Amino acid sequence: MKKTTLAVALFLSTCFVFAQKKTTTSAIISFDATTSIDALPKAENKTAIAALDLKKGEVAFEVIIKNFSFTNPKIQEHFNGAGWMDSDKFPTATFKGKIKNAGEIKFRKNGTYNAQVEGDLTIHGITKPVKTSATLNVSGKKISTKTNFKIKLEDYKISGGAIAAGKVAKEPTITVAADFK
């Protein structure tokens with residue numbers, strides 16, 4: 001009887017620990033570098049990996065650069081090339097951060113919450129701090145998140161003729177959306 005009780009207690013505590021961390025392999029990251037000259041530099045990646053630790057308030061994303069999809073294959077080729085993202089040398093981009101106001105968010109109560117997120121974004125082999133706000137929607141066991149923020153391409157040593165010509169925004173908008181179950 002003691003062994004059964006111990007096994008049940010161990011199983012329940014393990015379930016509780018794993019329930020503290022939510023993950024997804026289908027987060028969506030969008031990249032919008034459109035300008036008044038060119039509306040085509042937009043891309044979307046629907047295969048980002050994301051994790052949300054409810055107990056620690058930590059959040060992390062990882063995306064494979066080559067999985068960004070553009071409507072124009074030529075732009076996609078340039079985007080992955082050595083002059084831009086150099087995705088053979090730098091195959092992923094990552095974000096690791098914390099929800100600064102995690103104590104105010106009731107991860108187990110239905111509702112919409114505003115989260116203040118700070119962390120490190122690594123693109124093109126360069127890591128820079130990022131601060132943004134995100135919306136978290138809790139519905140049952142599902143948590144949906146969405147944020148958008150701008151980055152400066154020059155901060156990540158990304159340059160190219162299209163940027164200088166005004167065809168690609170110097171500060172594109174990055175949008176991140178994830179559904180955690």
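The values are calculated or read from the model by the stated rules, or taken from the named source; none is laboratory data. Source: prediction; values computed, not measured. Because the Cβ atoms are built from the backbone with ideal geometry, glycine has one as well, and the counts that use them run over all protein chains shown.
Worth a mention:
- Any hit, the range 46-56, residues being outside any loop (DSSP other than H, G, I, E, B), on the phi < 0 side of the Ramachandran plot, hydrophobic (A, V, I, L, M, F, W, C) and modelled with pLDDT under 90: no
- Matching residues in the range 63-120 - criterion: being among the charged types (D, E, K, R), touching a strand residue (DSSP E or B) at 6+ places or on another chain (Cβ under 8 Å) and assigned to a loop (DSSP other than H, G, I, E, B): Lys100, Lys106, Arg108, Lys109
- Subset of the range 154-177 (residues that are without any contact (Cβ under 8 Å) to a residue 60 or more places away in the chain, under 21 Å from Thr94 (Cα atoms), in contact with a Lys or Arg (Cβ under 8 Å, 6 or more places away or on another chain) and of a type outside the set (Phe, Trp, Tyr)): Glu154, Asp155, Lys170, Glu171
- Residue in the range 163-172 that is surrounded by 19 or more Cβ atoms within 10 Å (Cβ to Cβ), at pLDDT 95 or above and closer than 29 Å to Ser36 by Cβ present: yes
- Looking across the range 120-147, just one residue is within 21 Å of Phe68 (Cβ to Cβ) and either in contact (Cβ under 8 Å) with a residue 60 or more places away in the chain or among the aromatic types (Phe, Trp, Tyr) (or both), and that is Thr145.
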